[in-house]
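One structure below.
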Amino acid sequence: MIVDYHMHLRNPEGDIDFSVEAVERFVEAAAERNIDEIGFTEHIYYFEQTRQLWDEPFMLERCSHDIDRYVGAVVEAKERGLPVKLGVEVDYFVGRERETAQALAPYPWDYLLGSVHFVDGFPVDQEPGLVEKLGPHEAARRYFVWLRSAARSGLFDSLAHPDLVKHHGPRAHAESLHWLHEETADAIEAAGVCIEVSAAGLHKPVGELYPDPPLLEACHARGVPITLASDAHEPQNVGRDIARAVEHARSAGYETVTVFDQRRRHQEPLG
Ligand SMILES: [Zn+2]
Ligand SMILES: [Zn+2]
């Protein structure tokens, strides 16, 4: 089975479109690429119902859409029998766990992706400021502290693009990364969450999949399940390079992929 569990509901022009017709366009694109099931994971900060969670201007400028419209479009598509799941991509912020859980509670999610896009006030993927200020080792160390906290928060089912800190480069030395990967895999295993294998990095400055093979191998050694992701922001990018993500997972030893329904998970053969 091939799934793509990370995408953002947009029209072909790239504008937010929370309609069943927009869902159908993604489903058609998935079928053309032989993807069996797709999951929508809109950024949580686009919803006006989450305004109280944010301090960052980046989020406060964007939370103007209605979460009920988004949830309604995906649920209606699901009820029509389309192979779609309802998720959301949730920014993790230390100290906001309770408010985040409350904001998410009213909706029938199939799964929740946890993302660390901001570390100590720096946007990790929008600009290279974190690495420039702290150097690659300290930037990676702090990023993985945040990611481990996201795992332990108990809020999430899978951790998205789990080594996003490498986005701009340069990377930390292999030896320090080794220990960060081991500690992070330990925390992910203990928390019982999945890790995402994402092809999105292939189209970013780093030009590689997330996560690095040693982190993925460390997760596999501990029995941590995976989800698969394109992180498409346009229907034409659904399932883009998902075969590369499958190959990446297989190289780390994976033979199954996680499928979610109403926050319960099971494993399906990969591919
Ligand atoms: Zn993300
Ligand atoms: Zn995303």
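The values are calculated or read from the model by the stated rules, or taken from the named source; none is laboratory data. On a predicted model such as this, the values are computed, not experimentally measured, just so you know. Cβ atoms come from the backbone with ideal geometry, glycine included; neighbour counts cover every protein chain shown.
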Any chance Asp55 is surrounded by fewer than 17 Cβ atoms within 10 Å (Cβ to Cβ), within 25 Å of Gln102 (Cα to Cα) and of a type outside the set (Phe, Trp, Tyr): yes
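Okay, residues lined up against (1) surrounded by 14 or more Cβ atoms within 10 Å (Cβ to Cβ); (2) in contact with a strand residue (DSSP E or B) (Cβ under 8 Å, 6 or more places away or on another chain); (3) at positive phi; (4) not β-branched (Val, Ile, Thr):
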position: Pro214; (1), (2), (3), (4): yes, no, no, yes
position: Glu217; (1), (2), (3), (4): yes, no, no, yes
position: Ala221; (1), (2), (3), (4): no, no, no, yes
position: Arg240; (1), (2), (3), (4): yes, yes, no, yes
position: Ala245; (1), (2), (3), (4): yes, yes, no, yes
position: His248; (1), (2), (3), (4): yes, yes, no, yes
position: Tyr254; (1), (2), (3), (4): yes, yes, no, yes
position: Thr258; (1), (2), (3), (4): yes, yes, no, no
position: Gln267; (1), (2), (3), (4): yes, yes, no, yes
Any residue in segment 40-61 that is within 23 Å of Leu270 (Cα to Cα) and touching a His at 6+ places or on another chain (Cβ under 8 Å)? yes
How do the helices (runs of 4 or more DSSP H) wholly within segment 111-209 filter down when requiring 2 or more residues that are loosely packed, with under 15 Cβ neighbours inside 10 Å and among the aliphatic types (A, V, I, L, M): which remain? 174-191
Looking at Phe47, is it surrounded by fewer than 18 Cβ atoms within 10 Å (Cβ to Cβ), more than 16 Å from the chain's Cα centre (by Cα), within 16 Å of ligand 1 (Cβ to nearest atom) and not acidic (Asp, Glu)? no
Just a yes or no: is a residue in segment 77-88 touching a helix residue (DSSP H, G or I) at 6+ places or on another chain (Cβ under 8 Å), over 19 Å from Tyr107 (Cβ atoms) and buried (at least 20 other Cβ atoms within 10 Å of the Cβ)? no
Does segment 3-18 contain any residue that is over 18 Å from Cys63 (Cα atoms), in contact (Cβ under 8 Å) with a residue 12 or more places away in the chain and surrounded by fewer than 20 Cβ atoms within 10 Å (Cβ to Cβ)? yes
Matching option when the condition is at pLDDT 95 or above, touching a Pro at 6+ places or on another chain (Cβ under 8 Å) and not basic (Lys, Arg), among Pro162, Pro170, Pro214: Pro162
